[in-house]
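*Asks:* The structure that follows is given in the form of structure tokens.
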Amino acid sequence: MDSEAEDTKSQLGTPSKKVKNKKNKKKSDPGPSQHVTVQAKVQVVPEHPNKTAPIVGYFPSGFDPVKTSVSTGFQVYRNRTMNKRLELVVSPAGSPVEFVGTSYSGEAAAGYRAMYALGVFDKETQTLKVVPIAANKIFRLEPKVKGLEAADKEPANSTIEELTQAEKARQTTAMFGTKRDIEKVKKRMALQQDEEPDSPKNVDGKKKDMVNKKALANIDANVFRNIPPYDTTADTPQKAYVLDKIILRGEWDYLDDIYNTLHVGETDFGSYPIFVHNRLQRLRNVQDESEKKQLSCIFSYINHLIKYKDQHSMDSSSAKSHKIPSILRHRFSTLFAITESKRLPPEKIDLLNSYVLVLTLFADDFRTDYTDIAKDLRMIAVSVRQRYEHLGCKIIRHKNMFYATLPAPLKFPSLSSRKRKR
């Protein structure tokens, strides 16, 4: 009886123990309504110019580098001139396909008004680090076949069309800009349309004139030789260097300062370069008003180029108060990219000097005495002479004076290194 009673008692007592345990568990385990507080130190890591920030990308194709059995490598490329342009390439081992994402085309080129950052929480040190991601962009990694130059083309199934810089400027200014800003953007867009090869103006020009293949090859050679746009097929000096590509259509309206000053009367041109000052009398004697205005604009462009160079040099006091029109300053900052120290790189100084020297040829009817322009550019005459020769000019001597002339068609000196004379 006693044993039977103990069994019955134990059976009856079992449910009560289970209920008691459940109650204890509810008291000990924090439910979803209870939050665990952590005292963490927040550290914001600023962006460093010499270090690449973390890059965030995603694979819209469904590829998962974690689940795949093959090893996956990646590389990051940065544009030397435009250092904010990045390209991420993910390459699965043994696969003919690689995944490419850029910060300047495709989905990344669409307008955005958000800032992205990556937070990393260290449990041991109780520190939350907030790091800005590279280019403030989420990279869309599209599959590309290796060896095909299709990285810059948007795939057909992309959900967002690539927006040009002009379209982004129009959208932003239309929403937040003033009337003055809207006018500036319109003028800048007109200037950019002239530079685009697919603009209506350039398309009509291609239909009218059949461009030689050698002329098309000059596009890459411009960058290689570090000189203004040129045409080796031109049979006259006036066409050897393309003036419409050196001074763009939208810029001529902002170069009338010398032309307007000539009609005022006696004025002081002391702030202008020596090259311009020494040719003012010849400019006054020009009878054709259209020719006089074009020549005045060329002189004004030379003045702005030299002042822009001086403003970004070690001694900028001589050009500190000079005002360059915003449309020209925007073009100069793109064409002659300055460094973080607000100085022009050596190769960009050579390019700027080349633009100035080519315009001096137009100003002096392609036979120029380079003594005064050497002083304006703060260069010795020998260096200026070598730069003219690099541009395809011939140096002639007449009455103990040296002149740079431009023959046509253009013939450039060999770029191969010369052997030292022993």
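*Asks:* Which cross-chain or sequence-distant (5 or more) residues have an amide H under 5 Å from the amide H of GLN43, H modelled 1.01 Å from N in plane?
*Replies:* LEU128, LYS129, VAL130
*Asks:* What ranking, highest mean first, results for peptides 250-257, 68-75, 271-278 when packing means the other Cβ atoms within 10 Å averaged over each residue?
*Replies:* 271-278, 250-257, 68-75
*Asks:* Just in region 299-387: which trypsin sites (Lys or Arg not before Pro) are loop by DSSP and have at most 10 other Cβ atoms within 10 Å?
*Replies:* Here the sparse-neighbourhood loop sites are LYS320, LYS323, LYS342.
*Asks:* So what J values fall out for region 118-132 if you push phi through Karplus, 6.51 cos²θ - 1.76 cosθ + 1.60 with θ = phi - 60°, rounded to Hz, Gly and Pro as x?
*Replies:* Residue by residue, region 118-132 yields 10, x, 10, 9, 9, 5, 5, 8, 6, 10, 10, 9, 10, 10, x Hz.
*Asks:* If one computes the Cα centroid of region 228-243 and of region 386-417, what distance in Å separates the two points?
*Replies:* Between the Cα centres of region 228-243 and region 386-417 lies a distance of 15 Å.
*Asks:* Whole-Hz ³J(HN,Hα) for each residue in region 272-284, computed from phi via Karplus 6.51 cos²θ - 1.76 cosθ + 1.60 with θ = phi - 60°, x for glycine and proline: what do you get?
*Replies:* Couplings: 7, x, 4, 4, 6, 4, 6, 10, 5, 5, 5, 5, 5 Hz.
*Asks:* Another question, if that's okay. If the viscosity is 0.890 mPa s and the temperature 25 °C, what Stokes-Einstein diffusion coefficient in µm²/s follows for region 271-415 when Rh is the Kirkwood radius over Cα pairs?
*Replies:* Calculated translational D: 152 µm²/s.
*Asks:* OK, next. Read phi for every residue in region 326-331 and hand back ³J(HN,Hα) as whole Hz from Karplus 6.51 cos²θ - 1.76 cosθ + 1.60, θ = phi - 60°, with x for Gly and Pro.
*Replies:* Karplus values, whole Hz, x for Gly and Pro: 4, 5, 6, 5, 5, 5.
*Asks:* Collect residues whose amide H, placed 1.01 Å from N in the peptide plane, falls under 5 Å from the amide H of TYR230; neighbours closer than 5 in sequence don't count.
*Replies:* Amide H neighbours of TYR230, under 5 Å, 5+ apart: VAL242.
Every number in this text was worked out from the coordinates using simple rules, so none of it is lab data. All values reported here derive from a predicted model rather than from experimental measurement. FYI the Cβ positions are ideal-geometry reconstructions off the backbone, even for glycines, and counts take in every protein chain you see.
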